[in-house]
Amino acid sequence: MAVVKNHRHIISSVVASQDEVHARFGGVVPELASRRHIEVIAPLLDAALENASLKLKDVDGIAVTRAPGLIGSLLVGLSFAKALAYANNKPLVGVNHLEGHLNAAHLSSDNIGYPHVGLVVSGGHTSLYLVKKFGDYKLLGATRDDAAGEAYDKVAKLLGLGYPGGPVIDRLSPKGNADAIKFTTPKLDASAHFQVGEFDFSFSGIKTAVIAQYNKMSVGGKIAEQDSLDLIASFQKKVVEILCKQTIAAANEYKCKDIIISGGVAANSALRKRINELCNAEGISAHIPPISLCTDNAAMVAYVGSRRLELGQRDGMELNATATEEIGV
Ligand code: KG4
Ligand code: ZN
């Protein structure tokens, strides 16, 4: 839950992480997620308003994520937001979660040029967009199978490193030799049945290659610690290389001098370092928000909602949640 002023000034932002709830199951359990939403949503509103030293009557409008995601969790948020808007006579704006990620960098950078290329890379998405202006997005490509974060989570699970996998692999990778195992870059067949755009991604092959390598290295289901570290370091190097390569290729193709990266995987320190190096060499400005704005947060949703309110856009009480909904297609 977050309160923003003048679109991009964050007055308060509170996040109730659910990682602990789901960690023992090795992934998100939808039913537990929506129950937890119900438990925390009202106290979070109180905390967000208290931190901002505001009352509900002081806010101009209410923005809420309406898609995409787990439908139970979306419905909890949407019902709560509708009730708040109705009872307090405030305008309501539904926001697509991906549009939130795609705009998160505006909360930390005020000089993002247009058009720019935006990479949203999270547990559910790996998508590249051309952003012509606020609200005008073109999907240039997306993963044809696993999202990058999903690959991180699955590899971490295989190696018994816990959930979510991204942060732990990020932390441990510097201890491994990233050149120990050479993973090949997946070839994306231009005539494949399932393709999104000219800048697609694929991560399931690398995940399978990690499993094959793990089976080779392990004895009786156990892998030596250094082998495990080399495996994750090599895996991360490949994922980072693929993400950087496609993003920069898209920026060059569309003559963009700015790129933004957001979503949980944008918290990855190796990705942040490498994209900055490559962008510097290419004369491109990379805008990557601080980690708290890369992973799921309400401030990015409030930013989009606030921009939409200014444009006179509002939703009615018939607003509904949608589990899957791309933007820019
Ligand atoms: O955007 P997000 O918080 O939630 C979704 O909308 O999916 O992204 C969560 C994903 C998880 O797969 C998690 O493992 C990954 O982001 N992640 C990371 C890092 N921090 C979170 N992946 C790589 N390195 C990180 N430091
Ligand atoms: Zn997200």
Item to complete: Can you tell me how much longer the chain between residue 184 and residue 39 gets when fully stretched, taken as 0.36 nm per residue apart minus their C-alpha distance, in nm with one decimal?
Response: 47.7 nm
Item to complete: At 1.4 Å probe size, with every protein chain present, just tell me what the per residue accessible area of the stretch 1-88 comes to in Å².
Response: 57 Å²
Worksheet item: From the cross-link list 132/154; 154/245; 57/138, which pairs have alpha carbons spaced over 30 Å apart?
Response: 132/154; 57/138
Worksheet, complete the sentence: Expressed in µm² per second, the diffusion coefficient of the chain from the Stokes-Einstein equation, with Rh the Kirkwood radius over alpha carbon pairs, at 25 °C and 0.890 mPa s, is 119 µm²/s
Worksheet item: Are there any helices in the chain, counted as whole DSSP H runs, that stretch 27 Å or more along their axis by Cα and score at least -1.0 on average by Kyte-Doolittle, and if so which?
Response: 30-52, 225-253
Worksheet item: How long are the three semi-axes of the equivalent ellipsoid for the stretch 245-326, computed from the Cα gyration tensor as the root of 5 times each eigenvalue, in whole Å, largest first?
Response: 30, 16, 13
Discussion item. Please compute the length gained on full extension between residue 171 and residue 198, using 0.36 nm multiplied by the number of residues separating them and subtracting their Cα-Cα distance.
Written reply: 6.5 nm
Practice prompt. Leaving out ligands and nucleic acids, note down the accessible area per residue over the stretch 92-163 with a 1.4 angstrom probe, in whole Å².
Written response: 28 Å²
Fill in: the stretch 231-273 pair-distance distribution - Cα-Cα, 10 Å bins, rounded %
25, 52, 21, 3
Fill in: Of 140, 243, 172, the one that fluctuates the most in a GNM where the chain has Cα springs shorter than 10 Å
172
Worksheet item: Using a probe of 1.4 angstrom, how much of the accessible area of the chain is carbon and sulfur, in percent?
Response: 52 percent
Discussion item. Quick check for you: with a 1.4 Å probe and neighbouring chains kept, what is the accessible area per residue of the stretch 238-285, in Å²?
Written reply: 41 Å²
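For the stretch 187-329, what relative contact order do you get, as a whole percent, if you take Cα pairs closer than 8 Å and at least 6 residues apart?
16 percent
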Worksheet item: Which of the lysines could a cross-linker span from residue 55 if the Cα-Cα distance has to be under 25 Å and same-chain partners fewer than 8 positions apart are dropped?
Response: 5, 82, 90
Worksheet item: So what is the 222 nm mean residue ellipticity for the chain from helices alone, if each DSSP H run of at least 4 adds -39500 (n - 2.57) and you divide by all residues, rounding to the nearest 500 deg cm²/dmol?
Response: -14000 deg cm²/dmol
Worksheet item: What percentages, rounded to whole numbers, describe P(r) for the stretch 185-329 computed over all alpha carbon pairs with 5 Å bin width beginning at zero?
Response: 2, 7, 12, 14, 16, 16, 13, 9, 6, 3, 1, 1, 0
Fill in: Spatially proximal aspartates and glutamates relative to residue 273 (Cα-Cα < 14 Å; intrachain offsets below 8 disregarded)
170, 241
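The values are calculated or read from the model by the stated rules, or taken from the named source; none is laboratory data. All figures in this text were calculated on a predicted structure; none of them were measured in a lab. Remember, those area values only see protein heavy atoms, side chains included, never the ligands or the DNA or RNA. Shrake-Rupley method; radii C 1.70, N 1.55, O 1.52, S 1.80 Å.
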